[in-house]
Amino acid sequence: MQQDNLGYIYRGLFTQTITDSIISLAESNLETTGESSKVKKRVFSIMVECLQNITRHQTVEGEEFNDSSIPGIFMIQRKEDSYFITSGNVVPNVAMPKLRSQLEKINSLQQDELKEYYKQILEDGSISDRGGAGLGLIEMARKSGNKLTFDFASVNSDISYFYLHTAISKELESATPIHVNLDNIKALHQLVNDEDILLVFNGVLNQESLISLLSIIENQMRGRVDIKKKVYNIMVEMLQNIVKHAAKVEEDSLLGNPGIFFISSKNDAYSLCTGNYISSSSVDELQGKLEHVNSLKGEEIELFYSMRLLNFEIDNSKEAGLGVIDLRMKSGNELEYSFSKVNDKVSFFTLQVSLK
Amino acid sequence: MEALYYKKTDDTPSIILDPSSNTFEIAYRSLPEDANGFYEPVLKWLGEFYESAPQKVNFTFFFEYFNTSSAKQIAKILLFLEKLSHKSDVVVLWKYTNNDADMLATGVRYSKSLTLNFEFMPV
């Protein structure tokens, strides 16, 4: 939850719209955390290369591998002084040997040699129609200052997951190589697949990141339009609650409020969760509102909503709980929540809304 | 009176308030961070429009989606139209995408709370 723990996991299909939104989401998050522009630029370009790599390998010889039953994964994390970008996507088994040899070649080279190699490939003109001579991979290795970690996991006799992990040290020169075992990543991918988790976001929420998250989910969700719409509605209210009312842990300069959001769709039952800090002094009031809204049944909810909708006397007191009533109404379920005190100033608030 | 035009954005609706062509329409999505601030000039414009309003006013809402803080602002616009209906012939045309039961229900909820002529139209 802290500033040095930016985390984002996307699982699903990678369409142009979705990758664009992932990029703008990461962009606005890097903006809000006050990262130096040099580091930002490197993280950003590695991320773009990585996502382009995914979409490039989705179609091979006219065959579409962008299948929702074998969703890919994309992650960005920040730990202490490094950023980590990981992708896992389906590639045809026939493409594996070439990928492996490209990556082994790249990993055998030093920084200055990489530059030469890059030029050599460009002059060679041996770039395939998909631009796949490994230029993107070379760029990733150059900009990260680290070796590229990779692995494959078989899906069936035709395709495998290709995992690519890039560690980006803040200081390019003094970088000590970071070696990573990708078993954790594979296990995590398995977990989010099993739980049908569409997206995990842990970062700074503001209106801009909200719009990007909405666009990702909107393009990612499959199935009934009315359910999609409900999920969208619920997501806006939950995330805007954080944007507008959440507290910061310290009086820092974040351009937004820290928050966690994840959404899963196990067995077509969507579940949306948020976690954020609120000021400890407002816990009782919020708890009261939630208890009241949960106690309402059937038409009472509708009635309470209409009453609040046209009451402007209480307009300035945090939307008069209209958002919370809406969540209860749209989901048709009671809201699940918890509060835990962090210190006298702030508490951590979690909210779960389930939609069947 | 000068018309008010807003182009739609990712989080704000398109707005046309044009007395010269007698077109009044708010459409698409409304989920601004500060709904109060966004709708303030709209309500101000309507307030000034009141005196010169024509005999017949058709006001169209065709929302794809709006958040709860926009819901309150839309309620303010509808309350204004209710007031206007005492001197002009006001019809609220509530359009919604066919099968969008939630948006229809939202319109019906407003119509029940107000004394105002609503027409519901699936598109």
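When the range B:13-25 is limited to residues that are surrounded by fewer than 20 Cβ atoms within 10 Å (Cβ to Cβ) and within 30 Å of residue A:215 (Cα to Cα), the one that is farthest from the other protein chains (Cβ to nearest Cβ) turns out to be B:16. When the range B:2-12 is filtered for residues that are exposed (fewer than 13 other Cβ atoms within 10 Å of the Cβ) and of a type in the set (Asp, Glu), only B:2 remains. The residues of the range A:211-235 that are under 14 Å from residue A:26 (Cβ atoms), within 11 Å of chain B (Cβ to nearest Cβ) and aliphatic (A, V, I, L, M) amount to a single one, A:211. If you go through the range B:26-56 and keep only what is surrounded by 15 or more Cβ atoms within 10 Å (Cβ to Cβ), within 15 Å of the chain's Cα centre (by Cα) and more than 27 Å from residue A:208 (Cβ to Cβ), you end up with B:45, B:46, B:49.
Can you name the condition, by its number, that residue B:75 falls short on among (1) away from every other protein chain (no Cβ under 12 Å); (2) crowded, with 17+ Cβ neighbours inside 10 Å; (3) without any contact (Cβ under 8 Å) to a residue 40 or more places away in the chain? Going through the list (1) away from every other protein chain (no Cβ under 12 Å); (2) crowded, with 17+ Cβ neighbours inside 10 Å; (3) without any contact (Cβ under 8 Å) to a residue 40 or more places away in the chain, residue B:75 breaks only (1). Among the residues of the range A:45-73, those that are farther than 16 Å from residue A:95 by Cβ, out of contact with any strand residue (DSSP E or B) (no Cβ under 8 Å at 6 or more places or on another chain) and modelled with pLDDT of 80 or more comprise A:45, A:48, A:49.
Please name all residue pairs, on different chains or six or more residues apart, with Cβ atoms under 9 Å, provided the first residue is in the range B:28-40 and is at positive phi and the second residue is assigned to a strand (DSSP E or B) and among the polar types (S, T, N, Q). What qualifies is B:28/B:14. Checking A:271, A:264, A:281 one by one, the residue that is free of Cβ contacts under 8 Å to residues at least 60 places away in the same chain and in the same structural domain as residue A:321 (by TED's automatic domain parsing) is A:281 and no other. Inspect all residues belonging to the range A:289-300 and state whether any of them is among the acidic types (Asp, Glu), touching a strand residue (DSSP E or B) at 6+ places or on another chain (Cβ under 7 Å) and modelled with pLDDT of 90 or more. No, the range A:289-300 has no match at all. Give the residues of the range B:82-103 that are within 14 Å of chain A (Cβ to nearest Cβ) and farther than 17 Å from residue A:299 by Cβ, sorted by residue number. Those that are within 14 Å of chain A (Cβ to nearest Cβ) and farther than 17 Å from residue A:299 by Cβ: B:82, B:83, B:96, B:97, B:98, B:99, B:100, B:103. Does the range A:206-213 include one or more residues that are touching a strand residue (DSSP E or B) at 6+ places or on another chain (Cβ under 7 Å), assigned to a helix (DSSP H, G or I), in the same structural domain as residue A:70 (by TED's automatic domain parsing) and surrounded by 20 or more Cβ atoms within 10 Å (Cβ to Cβ)? No, the range A:206-213 contains no residue that is touching a strand residue (DSSP E or B) at 6+ places or on another chain (Cβ under 7 Å), assigned to a helix (DSSP H, G or I), in the same structural domain as residue A:70 (by TED's automatic domain parsing) and surrounded by 20 or more Cβ atoms within 10 Å (Cβ to Cβ). Reported count of residues in the range A:301-323, each being facing chain B (nearest Cβ under 9 Å), surrounded by 18 or more Cβ atoms within 10 Å (Cβ to Cβ) and modelled with pLDDT of 85 or more, is 5.
For residue A:327, the test of being in contact with a strand residue (DSSP E or B) (Cβ under 7 Å, 6 or more places away or on another chain), within 12 Å of another protein chain (Cβ to nearest Cβ) and surrounded by 17 or more Cβ atoms within 10 Å (Cβ to Cβ) is passed. If we scan the range B:49-61, do we find a residue that is closer than 25 Å to residue A:323 by Cβ and either more than 9 Å from every other protein chain (Cβ to nearest Cβ) or of a type in the set (Phe, Trp, Tyr) (or both)? Yes, the range B:49-61 has at least one match. Restricting attention to the range A:140-158, the residues that are more than 16 Å from residue A:89 (Cα to Cα) and surrounded by fewer than 18 Cβ atoms within 10 Å (Cβ to Cβ) total 0. Scanning the range B:104-121 for residues that are within 12 Å of chain A (Cβ to nearest Cβ) and either under 30 Å from residue A:224 (Cα atoms) or part of a helix (DSSP H, G or I) (or both) yields B:104, B:105, B:106, B:108, B:109, B:110, B:111, B:112, B:113. Does residue A:217 count as assigned to a helix (DSSP H, G or I) and out of contact with any Gly (no Cβ under 8 Å at 6 or more places or on another chain)? When the stated conditions are applied, residue A:217 passes them.
The values are calculated or read from the model by the stated rules, or taken from the named source; none is laboratory data. Note that this is a predicted model, so its numbers are computed, not measured. Counting neighbours? That spans all protein chains shown, and the Cβs are built from the backbone with ideal geometry, glycine included.
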